[in-house]
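Trainee: First the structure, then my questions, so here it is.
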Amino acid sequence: MLTDPQDHLAHQFPLEGELRPTFSGLSDFLHRVEDMIVKELAKNAKSHAFDGFDVNWEDQNETVSCKHRLQHLVAQEKGLHVTSISWSCTGSVIACAFGRVDDGDWSAEKSCVCTWNLDRRGLNPKRPNTVIDVARPVMSLSFHPTSPSLIAGGLYSGEVVVWDTNRTQDPVLAQTGMSTDAHREPVYQVAWVPGQRRGEMLVLSAGSGGRVLLWTVDGGSLVLSAGYALVRQQVPHNSSLSKGRGSSNVGVTSLALSPWDSDTFLVGSEGGLVLKCSFSAQELAAAPPDGESVALRAPAQFSFSPRGGPVHSLHYSPFHRNLFVSVGTDGLARLHSLLQPDPLLSLRVSDSYLFGVRWSPTRPLVFAAATGQGLVQIFDLGRKSLRPAATMDQLTSGQPAYCMEFNPCQTDLLAVGNADGSVNIWHLSTELTEQGHRETAQLEQLANEVAE
Amino acid sequence: MAEVEETLKRIQSQKGVQGIIIVNAEGIPIKTTLDNSSTVQYAGLIHQLVMKARSTVRDIDPQNDLTFLRIRSKKNEIMIAPESCVEIL
């Protein structure tokens, strides 16, 4: 907004782009240049001068290669799986959580969280830079978005912990403990969300008990700030599911935060539900109170068509506000629009379970899916064929690949965590990382198709 | 003035135009069809580039002057029609 120091008569605030009397030459200027501009624009629209012309500023990387294979021998000996991985905000450090994905019973197995700094010289893939011992298996992990030393983790016991890797003595900065507020079931997802106050970050945790909880770091403990409970009877449009037996809680197996709308989030459940939820939902949850200090609310607003099995992973497209992809045990990757219940596209990725899915941070039409056979399949929706653009074998002798994350800074690096306790860092080819002509437009077209 | 708005509308309606920014001699945006933050960003960056391009042309031949500048990138193209502010004596 511009203020004109000489014009004392301006009572109203100048609106964006409003003409000031002092720029009377503006009209003449436009008069002079208009014809030239319009002529150039018209020539541009018809020009073939740049057809097929490409400039390569960087070295082309033709192949996909495995840069590092990180392992923590102690964890591997115990047969622990990598349950979750997270990159630090600087992109130099990768943290992995060890636990077990297949355990049915209450596990009291000791496990750990390891970090490797990939940018440090003398990186030893078999020796992590930091090892944090944890009394219970860790099911989910998330680095703080701005503080490179803080990591939040969700445990099998339902506890949520925040570690500070800068602390030498005891890395635990804050934890929920076993209070009445805490989850009673494994916490499958943790994330950092912005709080009400500027610069404040809350820890979000979601678990198979059907609870999505928001915690503030207060001294040495995590204090419950807000909470949501997903109850079957309160799930919208679901007459078929209300006949279900068993617990009325909707166990959360995956959660995705929207990069476009800070109020919305998606939840995937054990029963195959995919729900759109809102942080600002007001309706109280129909769950019996269990001594929680905060009234739990019902967040679900919209139900997408359910899947035949637990939804293991969800991810919002970083390039289109209405698109997301979901994967589960049915081996399909489903591309959804937020605006309709049925998927836009259903891709058969594998005959086995799918455990993770992530959109490429640089190519709007590309996403990767991690399979139960230990492969990561990369799909390019711009290609005519629906076969994968690349397949990366995690070399786990057929054991599943459980989690994947793209490096937020070096976007051609993809980390994959596996059931054999290893984390592979892959360097993707330029073809898979450089955005092509009109990709965003193609994605837009895809998003606007109405499902049959 | 209506005439200015009309002209801008005509240009904006051409095929492929994403937005128009008009900048004064100091590089301050005075009219724009884009959002504030993009406008400020473009104005600041482009002004320096235009000055450099202009001095390049005039250093090679002092009788010459910059008439048009186009920056073509992978995703789009920026077209700049500069205004000469020098009095010819």
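Trainee: As a test of the definition: which semi-axes, in Å, follow for chain A when you take the square root of five times each eigenvalue of its alpha carbon gyration tensor? Largest first, please.
Mentor: Largest first, chain A gives 40, 29, 25 Å.
Trainee: Moving on. Which order do peptides A:117-128, A:81-92, A:217-228 fall in by mean Cβ count within 10 Å, highest first?
Mentor: The peptides rank, most packed first, as A:81-92, A:217-228, A:117-128.
Trainee: Let me ask something additional. Between A:LEU73 and A:HIS427, what is the FRET efficiency for a Förster distance of 30 Å, r being their Cβ-Cβ separation, to the nearest 0.05?
Mentor: 0.80
Trainee: Then there's this: If you take the beta carbon distance between A:THR180 and B:ALA2 as r and set R0 to 60 Å, what does 1/(1 + (r/R0)^6) give as a FRET efficiency, to the nearest 0.05?
Mentor: 0.30
Trainee: Another question about this same structure. Helix-only mean residue ellipticity at 222 nm, chain B, DSSP H runs n ≥ 4 weighted -39,500 (n - 2.57), per residue, nearest 500. What is it?
Mentor: Counting only the DSSP helices, I get -13500 deg cm²/dmol.
Trainee: Which of the trypsin sites (Lys or Arg not before Pro) across the stretch A:355-452 are loop residues per DSSP, with 15 or fewer other Cβ within 10 Å?
Mentor: Those satisfying the criteria are A:ARG383, A:LYS384, A:ARG438.
Trainee: Can you give the mean number of other chain Cβ atoms that lie within 10 Å of the Cβ atoms in peptide B:34-42?
Mentor: 1
Trainee: Another question, then. Rg to Rh ratio, the stretch A:318-391, alpha-carbon atoms and Kirkwood radius?
Mentor: Taking Rg over the Kirkwood Rh, I get 0.94.
Trainee: Sort A:187-199, A:142-154 by packing, meaning the average of other beta carbons within 10 Å per residue, with the highest value first.
Mentor: Top of the packing list down: A:142-154, A:187-199.
Trainee: Distances longer than 23 Å among the Cα atoms of chain B: what percent of all pairs is that?
Mentor: Counting every Cα pair in chain B, those more than 23 Å apart make up 29 percent.
Trainee: Report, in debye and to the nearest 20, how large the dipole of chain A comes out about its Cα centre when Lys and Arg carry +1 and Asp and Glu carry -1 on their Cβ.
Mentor: My answer is approximately 840 debye.
Trainee: Then there is this: For the stretch A:182-332, what D do you get in µm² per second when you plug the Kirkwood radius from alpha-carbon pairs into Stokes-Einstein at 4 °C and 1.567 mPa s?
Mentor: 83 µm²/s
Trainee: Mind checking the mean number of beta-carbon atoms from other chains within 10 Å of the Cβ atoms in B:2-10?
Mentor: 4
Trainee: A further question on this structure: Can you check what the Kirkwood hydrodynamic radius comes to for the stretch A:103-178, Cα pairs only, in Å to one decimal?
Mentor: When all Cα pairs of the stretch A:103-178 are included, the Kirkwood radius is 13.4 Å.
Trainee: Peptide B:26-32: average number of partner chain Cβ atoms within 10 Å per residue?
Mentor: Whole-number average of other-chain Cβ neighbours for B:26-32 is 3.
Trainee: Same structure, new question: Could you tell me the calculated FRET efficiency between A:ARG167 and A:GLN196, based on Cβ-Cβ distance and R0 = 30 angstrom, to the nearest 0.05?
Mentor: So the FRET efficiency works out to roughly 0.65.
Trainee: Two-decimal Rg/Rh of the stretch A:267-321 from alpha-carbon positions, Kirkwood Rh?
Mentor: 1.05
Trainee: Taking every alpha carbon pair in the stretch A:375-452, what does the distance histogram look like in 10 angstrom bins from 0, in percent?
Mentor: Distribution as computed: 16, 39, 31, 13, 1 percent.
Trainee: For the stretch A:315-452, what ratio Rg/Rh do Cα atoms give with a Kirkwood hydrodynamic radius?
Mentor: 0.95
Trainee: Plugging the Kirkwood radius over Cα pairs into Stokes-Einstein for the stretch A:26-70, at a temperature of 4 °C and a viscosity of 1.567 mPa s, what D comes out in µm²/s?
Mentor: Taking Rh from Cα pairs, D becomes 84 µm²/s.
Trainee: On to the next question. Could you give the C-alpha radius of gyration of the stretch A:59-154 expressed as a fraction of 2.2 N^0.38 Å, taking N as the number of residues it contains?
Mentor: That works out to 1.16 for the stretch A:59-154.
Any read-out appearing in this document is the output of simple, stated calculations on the displayed coordinates, not a laboratory observation. Computed from a predicted model, the values in this text were never measured in an experiment. Ideal geometry is used to build each Cβ from the backbone, glycine not excepted, and the neighbour counts take in all protein chains shown.
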